[in-house]
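Heads up, the thing below is written out as C-alpha cells.
The values are calculated or read from the model by the stated rules, or taken from the named source; none is laboratory data. Not measured: the values here are computed from a predicted model. Backbone-built Cβ (ideal geometry, glycine too); neighbour counts: all protein chains shown. Only protein heavy atoms, including side chains, enter the accessible area calculation; ligands, DNA and RNA are left aside. Shrake-Rupley method; radii C 1.70, N 1.55, O 1.52, S 1.80 Å.
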Amino acid sequence: MFFKVLGWLCIWMLGYLVNPPIEDAARFVSRYKGSGVVLIYGQVEATYSGRAAAQIRLMPRLVVTKPDGVLMIHEGRREKPIIWNPPGSQLFVSVDDGELILRSIRRSPREYVTVNIPEVYLVASMELGLSEDFKVIGSERDIVDAIVANPGLIEDGFRVISREYETMVGSIDLLGEDKAGNLVVIEVKRSGASPEAVHQLKRYVDYITSKNPGRVVRGILVAAWISASAYRYLKDYGLEFRRYTHANLTGFSLRSNG
C-alpha cells in the first residue's frame, strides 16, 4: 500500500529515493532544497537552541524543508511541528560519521536547529503551489464589512453611521440608526458570544445613552452562537441577538434570535 501511494505522489514529485545510502540522501537534499519542498522520512533526533532550548530523542519522524528556509519536524500526532525554524532561515546539509546532518540557522533572533538522521527510509522532493490571494473568510472584520455593504442584514431600514466608533469604554464595531430613528449599537463576535460579550455591549449602550439623552438606544450582539448564561443576561438587559451563518461572504446571512 505504501508504494502504491508513493506511485500516486510521483506525479507531482521532482524525484524520490527509497532507503538511500546516507551520502545519496545528502546529495538529493542539497540538490532540491532550494527549488522544491523536500520530505525526509527516517530515524530522526534533533536539538534546538536560541531563545530557549529543546532536544528530541531518536525515533521515526518526518522532516520537511521548503525553499523559503522553513524547516519542520513532525511526529505522529499534533497539527504543529515539534521543532521548526521559520522562513528566512538557512539550511546546511552534510554527512558526519555516517549520519545525514541538517543545520538550520535563523539569523535574527539567532536560533539553531540541528537534525541528525542516521537512517533515511524515504527522501522526496515535490513542487507545491502558492495561494497568493488566500484569505480566511469569517473574521470579525469580514462580518462588519458584510453588514456595512448590506445594512439590511441587521434589519430593514437599518443604516450605518460609523464603524469602530471610539468611546471612553472601548471601540464600538458599528453604530447605526434604525428606521424609527433609534440609535443602534452593534457588537460583533467571530464565533460564540459569552456573558462578557453581553456585558461589553451593555457598557457601550449605556455610554451612548448617556451621550444622547432623550434618544432610544438599542444594542444588538452579532455572533455565530450564544451561551445560555449570556442569553439570560442579554434578555435581562433588554438587548438583542443576531445569529450569523455563512458559507462565504455572498452567502452571509443573519437571523434574529430575540
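If the requirement is being farther than 30 Å from residue 159 by Cα and in contact with a helix residue (DSSP H, G or I) (Cβ under 6 Å, 6 or more places away or on another chain), which of these qualifies: 113, 44, 38, 64? If you could, list the steps in order and put the result at the bottom.
On the way: 113 fails: in contact with a helix residue (DSSP H, G or I) (Cβ under 6 Å, 6 or more places away or on another chain); 44 fails: in contact with a helix residue (DSSP H, G or I) (Cβ under 6 Å, 6 or more places away or on another chain); 64 fails: in contact with a helix residue (DSSP H, G or I) (Cβ under 6 Å, 6 or more places away or on another chain).
Just a single option satisfies the conditions, and that option is 38.
For the range 166-201, what are the residues that are over 27 Å from the mean Cα position of the chain (by Cα) and either over 17 Å from residue 215 (Cβ atoms) or open to solvent by 40 Å² or more (accessible area, probe 1.4 Å) (or both)? So that I can check it myself, show each step before the final result.
Start the filter on the range 166-201 by keeping residues that are over 27 Å from the mean Cα position of the chain (by Cα), which leaves 166-169, 175-185, 199.
166, 168, 169, 179, 180, 199, listed by residue number.
Just one of (1) in a loop (DSSP other than H, G, I, E, B); (2) closer than 18 Å to residue 68 by Cα; (3) open to solvent by 40 Å² or more (accessible area, probe 1.4 Å) trips up residue 92, so point out which.
(1)
Look through 110, 78 and report the one residue that is open to solvent by 90 Å² or more (accessible area, probe 1.4 Å), free of Cβ contacts under 8 Å to residues at least 12 places away in the same chain and of a type outside the set (Ser, Thr, Tyr).
Details: 110 fails: free of Cβ contacts under 8 Å to residues at least 12 places away in the same chain.
Exactly one residue qualifies, and that residue is 78.
Quick one: which of 160, 120 is touching a Pro at 6+ places or on another chain (Cβ under 8 Å), touching a residue at least 40 places away in the same chain (Cβ under 8 Å) and either assigned to a loop (DSSP other than H, G, I, E, B) or buried (at least 17 other Cβ atoms within 10 Å of the Cβ) (or both)?
120
Which is aliphatic (A, V, I, L, M) and at pLDDT below 95, of 54, 46?
54
In this structure, is residue 190 among the basic types (Lys, Arg) and at pLDDT below 95?
Values: among the basic types (Lys, Arg): yes; at pLDDT below 95: yes.
Yes: the conditions hold for residue 190.
Which residues, taken from the range 217-245, are part of a loop (DSSP other than H, G, I, E, B) and touching a strand residue (DSSP E or B) at 6+ places or on another chain (Cβ under 7 Å)?
If we filter the range 217-245 for residues that are part of a loop (DSSP other than H, G, I, E, B), which is where we start, we get 224, 227, 237-239.
Once the filter is applied, which keeps residues that are part of a loop (DSSP other than H, G, I, E, B) and touching a strand residue (DSSP E or B) at 6+ places or on another chain (Cβ under 7 Å), the range 217-245 yields 224, 227, 239.
Going through the range 63-74 one residue at a time, which ones are over 20 Å from the mean Cα position of the chain (by Cα) and open to solvent by 60 Å² or more (accessible area, probe 1.4 Å)?
Of everything in the range 63-74, just one residue is over 20 Å from the mean Cα position of the chain (by Cα) and open to solvent by 60 Å² or more (accessible area, probe 1.4 Å), namely 67.
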